[in-house]
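Structure record follows, encoded as structure tokens.
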Amino acid sequence: MSSKLVSSIALTACLLASGAAFADVLYEQAPTADATGLSANLSGDPLLTQTIPSLGSVTLDKINWWGYRDPVNDPFPAEVESFEVYLNGSVVAGVLSSSVVGSLPNTNRSLLKYTLDVTDAPLTATDIGVTNVNDFVGWFWQGAGVDAAGAPLVAFSLEGTRNGGVVPEPGMLVMLGLAGLALRAASRKRA
């Protein structure tokens with residue numbers, strides 16, 4: 001294999017790997033097993049909201065939240081779940097997926113992580129809201145402890161890109177360094 005081809009492959013691999021290196025968790029209130037979830041559906045509190053701290057200039061890619069259904073009082077299958085996510089009171093469109101990530105201690109409830117993949121856009125919102133719009137589903141937004149004033153927090157995270165002043169991850173720097181070494185070795189072989 002020619003040194004030029006090896007250099008091209010190394011550089012391409014580094015560029016592909018670095019594409020994902022800039023996406024990260026912008027903010028997270030992780031779920032806690034001992035926190036009580038808050039009812040967030042039409043039969044309970046129709047819309048819970050949570051404050052989003054100022055994150056500076058960021059582009060939002062995904063909204064994640066954790067929750068569970070009450071299988072004792074909710075005989076309906078999971079397929080009837082229908083969520084709406086709000087940023088500053090406006091519904092956010094996207095592609096929704098969910099997965100079981102564990103179970104809540106001393107219960108027969110599965111903890112699920114929901115992900116709404118949204119069109120990349122600047123995040124300017126100061127609050128997030130999630131609700132299950134099917135009033136037949138007993139759904140709870142998992143808690144994330146309490147704030148300094150003792151008010152309950154709910155579990156969510158925001159993923160995306162920090163705009164401007166991004167510091168590359170160490171792994172990406174290593175890959176770029178290896179690409180530089182491969183290019184240098186290739187140029188020495190040609191000389």
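Residue by residue through segment 149-166, note down the ones that are of a type in the set (A, V, I, L, M) and part of a strand (DSSP E or B).
LEU153, VAL154, LEU158
Return the total of residues in segment 90-146 being charged (D, E, K, R) and more than 18 Å from LEU47 (Cβ to Cβ).
The total comes to 4.
So that you can scan it fast, the table gives a plain yes or no per residue for (1) over 14 Å from PHE140 (Cα atoms); (2) at pLDDT 75 or above; (3) small (Gly, Ala, Ser):
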position	(1), (2), (3)
LEU11	yes, no, no
ASP24	yes, yes, no
ASP61	yes, yes, no
ALA93	yes, yes, yes
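Of all the residues that make up segment 86-101, how many are outside any strand (DSSP E or B) and of a type in the set (S, T, N, Q)?
The qualifying residues number 1.
The values are calculated or read from the model by the stated rules, or taken from the named source; none is laboratory data. Bear in mind the structure is a predicted one, so any value in this text is a computation, not a measurement. Using ideal geometry, Cβ is built from the backbone for each residue, glycine included, and neighbour counts are taken over all protein chains shown.
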